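The values are calculated or read from the model by the stated rules, or taken from the named source; none is laboratory data. Remember, it's a predicted structure, so these values are computed and weren't measured experimentally. Cβ placement follows ideal geometry from the backbone for every residue including glycine, while neighbour counts extend to all protein chains displayed. Surface areas here come from the heavy atoms of the whole protein model, side chains and all, with no ligands, DNA or RNA. Shrake-Rupley method; radii C 1.70, N 1.55, O 1.52, S 1.80 Å.
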Amino acid sequence: MLINWMVVPTCLPLVRRRCHACESERFRANGKFRVNANHKLLDAWLLVLCEGCGHTAKLTVLERAHVRSVRPELLDRLHDNDPDLAAELLQDPVVQRRNRVALDWKGAWRLETGGSERPTDEAIDVAVRFAARIPVRPVRLIADGFAFSRAEVERLIDEGSLVSAVRLSGKLSGDFTFLLKP
C-alpha cells in the first residue's frame with residue numbers, strides 16, 4: 001500500500017537574528033519590502049519586526065543593483081509586497097548567508113497525511129514530500145503521521161520494522177520514503 005504525505009508551511013517562519021534594541025533573537029517577517037533607488041542603482045530589503053520590542057530590521061535582498069539588471073516582474077513583486085516572494089527569499093540560502101540569519105520553523109508547518117492510518121496486516125510504503133525546505137526530524141513526522149510515540153518509532157527502527165534509504169535520525173528537508181512492515 002502506497003501513501004503520500006506532504007509537509008507544508010502554514011505561515012512564514014521566524015527569523016533568528018539578535019535584536020540590537022532589546023537582545024531578543026526572534027523576528028517575524030510580515031511580507032513588506034522597502035525599495036530605494038539612487039539614480040540607476042537599486043537597494044531592496046525585506047522588513048522584519050522584532051518579537052520582543054517591535055524594532056524593524058532590514059534583510060538585504062538587492063544591494064546597489066543596476067536598474068536594468070533587475071527583472072521587471074521582480075521589481076513589481078517587491079513594490080506590491082508579495083508575500084509569496086517574501087517566503088521565497090526567506091528560504092533562499094544566499095539571502096540567509098548575506099544577512100547572517102537562520103529560520104525557525106517551529107509552529108510554521110503541518111503534516112498532511114490524507115487521514116491515513118496504519119493497517120496491521122500489510123506493509124505500508126510512505127512517500128514524504130516537502131512543499132518548502134523545512135528541516136524536520138523524520139522520527140517526529142512518522143510519530144505524528146501514525147499517532148505513535150517517538151519512543152515507539154525508535155523501537156520500530158531498531159527492530160527493522162521501519163526502514164528507509166535515508167537516515168531517519170537527525171533532520172531532513174528533502175523528500176524521502178520509508179517502509180513500515182507489519
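Here are the numbers for this structure:
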quantity	calculated
Pair list, Cβ under 7 Å, 6 or more apart: segment 150-162 residue of a type outside the set (A, V, I, L, M), other residue part of a helix (DSSP H, G or I) and open to solvent by less than 50 Å² (accessible area, probe 1.4 Å)	ARG150/VAL139; ARG150/ALA143; GLU154/VAL139
Test: THR10 is of a type in the set (S, T, N, Q) and open to solvent by less than 40 Å² (accessible area, probe 1.4 Å)	no
Of all residues in segment 91-133 being in a loop (DSSP other than H, G, I, E, B), among the hydrophobic types (A, V, I, L, M, F, W, C) and at pLDDT 90 or above, the one that is most open to solvent (accessible area, probe 1.4 Å)	ALA131
Residues that are of a type outside the set (Val, Ile, Thr) and either assigned to a strand (DSSP E or B) or open to solvent by 90 Å² or more (accessible area, probe 1.4 Å) (or both), drawn from segment 148-164	ARG150, ARG155, ASP158, GLU159, LEU162, SER164
Test set (1) small (Gly, Ala, Ser); (2) open to solvent by less than 30 Å² (accessible area, probe 1.4 Å); (3) more than 28 Å from LEU12 (Cβ to Cβ); (4) in contact (Cβ under 8 Å) with a residue 24 or more places away in the chain - GLY145 fails condition number	(3)
Where a residue in segment 52-70 is closer than 24 Å to ASN30 by Cα and open to solvent by less than 60 Å² (accessible area, probe 1.4 Å) and its partner, wherever it lies, is among the acidic types (Asp, Glu) and outside any loop (DSSP other than H, G, I, E, B), with Cβ under 7 Å and at least six apart	LEU62/ASP43
ALA44 being under 30 Å from ALA143 (Cβ atoms) and open to solvent by less than 60 Å² (accessible area, probe 1.4 Å)	no
Selected residue (only one of LEU75, LEU89 is more than 17 Å from the chain's Cα centre (by Cα) and touching a residue at least 24 places away in the same chain (Cβ under 8 Å))	LEU75
Index of the failed condition, ARG167 passing every other in (1) open to solvent by 80 Å² or more (accessible area, probe 1.4 Å); (2) in contact with a strand residue (DSSP E or B) (Cβ under 6 Å, 6 or more places away or on another chain)	(2)
